[in-house]
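Every read-out reported here was derived from the displayed coordinates using simple, explicitly stated rules and does not represent laboratory data. Everything numeric here is computed off the predicted structure, so don't read it as measured data. Using ideal geometry, Cβ is built from the backbone for each residue, glycine included, and neighbour counts are taken over all protein chains shown.
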Amino acid sequence: MKAKSIKGKSPEEIENALQKSVVDGFKPTLAIVFLSIKQDRRRIIEILNENEIEIFGATSAGEFIDGDYDSGSIVILLLEIDRNYFKIFFEDYRGKDPRNVAKRMGQKSLQEFTSPVFFVSSSGLFLDGEKVIGGLEDSVGNEINIWGGKAGDDLQGKDTYVFTNNNSSNQAILLLVIDNDKISVIGQAESGWKAVGTPKTITKSEGLWIYTLDDQPALDLMIKYMGYKFQHDKESEIVYDAKISSPVMLVREKGEPIIRSQAFINWSDKSIMLSGNFDKNDKIRFTLPPDFEVVDDVIESSQLLKESKLPEADALIMFSCSGRLVELGPMLSREIDGIRNTFNSPMAGFFTYGEYGRATNGNNEYHNYTCCWVALKEK
């Protein structure tokens, strides 16, 4: 497998970069595309269709192919890979149970490969990513590996899209299924965030909304312990704020703790909405503001996996939470460069609204404020 990454600020720049990439005989068959909601994705699809390149695409909240991350741009990881080694599935879940949709997609993948690895992106701000994971595991088993990220929209909080050569939707699940018998795939989900204080018990909740922690209004505790300073817009009780800082840690009865963001708040009942599901017996811990140690933990995890499992990689893909961009700022360049330099391979990535990945010794999880990186190597 051969790989090259290209970047541009317009479809014209991407078309020129694509033509330059193939002058040496490089013949890409698959394009992993991450682009700003402001970009003309229809034209990008046309360009790749004209070159007979299959598409796994998502809108983003920022894009990168190296440490110089950007916004409003287009990045593409081009792969020259045997078309028999991968398959792309796309399904709109509008009016359906996303878990059942993901389950059917997983069943279709087993008709193609006996040992699949899943790359997933999904659109829709309110989609619970755990339903996607649950559906895939229902059909294929929990030993599978799932990597990916929810599509973004430049932190507008309005509409996100996933797309292929022939489909595009703001409420869909997109799968890139890789034949693990032909392609080695390893990765890591790592947040680096540290918890602080004692766990707070979720004492009243409904759906994704938490009303009280330790029988106190959840929003009041966030303001008290995490230093939030919200502007109360009296015209709107439910507020979306993509720049809310410091996530919370969800401590569960089973499995490793995971990070959750809480960008939606409700002023009328002082509730907060987590970005993923939780059980009634779970607890919440607040987190410390990030420092360089957060980035160091992610880079170190990539170095350890390289030494133990995959000395070389043909290509890298990274799904990093948009919350990390808000919190870490310039430190993100160090994180992105650190992982890329570990393998010294072409890479593309984007800032997401939620991440899919498996942590060390953990389960497949839907994460927030987490960096999920994946390395691929043809066997």
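Quick notes on this structure:
- Most to least packed among 131-144, 11-24 [average Cβ atoms within 10 Å]: 131-144, 11-24
- Helical contribution to [θ] at 222 nm, DSSP H n ≥ 4, -39,500 (n - 2.57), averaged over the chain, rounded to 500: -7500 deg cm²/dmol
- Against the chain, whose longest principal axis is taken from its Cα atoms, helix 331-343 shows a tilt of about 40°.
- Added length on full extension, which subtracts the Cα-Cα distance from 0.36 nm per residue, A195 to Q303: 36.5 nm
- Legend: calculated FRET efficiency, K224 to F126, from the Cβ-Cβ distance at R0 = 25 Å, rounded to 0.05, equals 0.35.
- Rounded to the nearest 20 debye, the dipole size of the chain about its Cα centre is 420 debye, using +1 on the Cβ of Lys and Arg and -1 on the Cβ of Asp and Glu.
- The spacing between the range 248-281 and the range 113-150, judged by their C-alpha centroids, is 20 Å.
- For q = 0.09, 0.13 Å⁻¹, Debye-computed log10 I/I(0) when each Cα of the chain counts as one equal scatterer: -0.48, -1.02
- DSSP bridge pairs, the chain: antiparallel proportion in percent, nearest 5: 80 percent
- Result for the chain in a Gaussian network model with C-alpha springs under 10 Å: among R99, R358, R83, the largest mean-square fluctuation is at R83.
- Each Cα pair under 8 Å and six or more residues apart adds its sequence gap; the mean of these over the residue count of the chain is a relative contact order of 21 percent.
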